[in-house]
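Single-structure report; data block below.
The values are calculated or read from the model by the stated rules, or taken from the named source; none is laboratory data. As the structure is a prediction and not an experimental result, all values here were calculated from the model. Glycine also receives a Cβ, built like all others from the backbone with ideal geometry; neighbour counts cover every protein chain displayed. Note: areas computed on protein heavy atoms with side chains; ligands, DNA, RNA excluded. Shrake-Rupley method; radii C 1.70, N 1.55, O 1.52, S 1.80 Å.
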Amino acid sequence: MITVKASNGFEPSRIKALTEKILDTYDGSTDSWDLSETPDITPIKLGNRSALLAIDGVCVKFFYDKSLKSRIRDFFGLSKAQRTYEIGTKVTELGVPIPKLYGMSKKRFSYGMVLSKFEEDCLPVHLFTRGDCDSTLWSRLGLFIRTMHDKGITHKDLSPKNILTVSSSDSIDFLLLDYEDCKIHTIMTDILRLGDLHHIYERLLKIASTEQRLLLVKGYISDCEGFSDYHEQLLRMIKENPSKYTKFIK
């Protein structure tokens, strides 16, 4: 039995039809799943526990983890698909932009899917910066992260690959990806803010210059004097907690 939840005017019947099509195709081979003979389903990313697929203009996060932990969660109605959909809905309600949610589906004690708009005209930050990039990107990115934090949201894997760049002739905007890794806080502390900033700052060492990273932090600080020492704190955190990313410091 497949249960369905729909949002933003998306038809439940379409969610069910897409779900059945993917399930009919899936051969259980996780990250070695061969979709070469299924041209209308495009794999974006295949992993051991989930896949990201594009089908008929829809992006589908397909959770196929069959571990004991996953089966226990399913038994108690706490599936990863359900949790992802609920977090995405809450993040959207709080005003942080993510790809538009269309809904979710769940096969009892089995696979789950979350469906959203396929943002084909957007690029994650780490790919967008390979082309000609307006310098305002960095300060706007910092402000985007600040806005997210001000709304009480942190992200376990805040990195350039998990933020989509939405660029037009007169603006740069962003969408947050992998929102299932978000956590919502009633109180936002400096430790939480700096933890997220440290995570993305380190990963930017490989793709952004010192000046660009400083622009990001300045964009985050904006007009708040209470954050004025954040750049110094980030540099100290990198020095005191070296990682594989720090070798890219320029």
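Numbers at a glance
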| item | result |
| --- | --- |
| Answer residue from region 201-239, given it is part of a helix (DSSP H, G or I) and small (Gly, Ala, Ser) and is nearest to Thr136 (Cα to Cα) among those | Gly219 |
| Complete set of residues in region 166-219 that are open to solvent by 40 Å² or more (accessible area, probe 1.4 Å), over 20 Å from the mean Cα position of the chain (by Cα) and of a type in the set (S, T, N, Q) | Ser168, Ser169, Thr186, Thr189, Thr210, Gln212 |
| Condition check for Val114: crowded, with 18+ Cβ neighbours inside 10 Å, farther than 30 Å from Leu205 by Cβ and among the β-branched types (Val, Ile, Thr) | yes |
| Qualifying residues in region 84-109 (those that are buried (at least 16 other Cβ atoms within 10 Å of the Cβ) and at pLDDT below 95) - the one nearest to Leu143 (Cα to Cα) | Lys106 |
| Test: Leu158 is free of Cβ contacts under 8 Å to residues at least 60 places away in the same chain and not in a helix (DSSP H, G or I) | yes |
| Total residues in region 116-138, condition in contact with a Cys (Cβ under 8 Å, 6 or more places away or on another chain) and part of a loop (DSSP other than H, G, I, E, B) | 2 |
| Qualifying helices (runs of 4 or more DSSP H) (wholly inside region 1-115; at least 1 residues being touching a Cys at 6+ places or on another chain (Cβ under 6 Å) and among the aliphatic types (A, V, I, L, M)) | 80-93 |
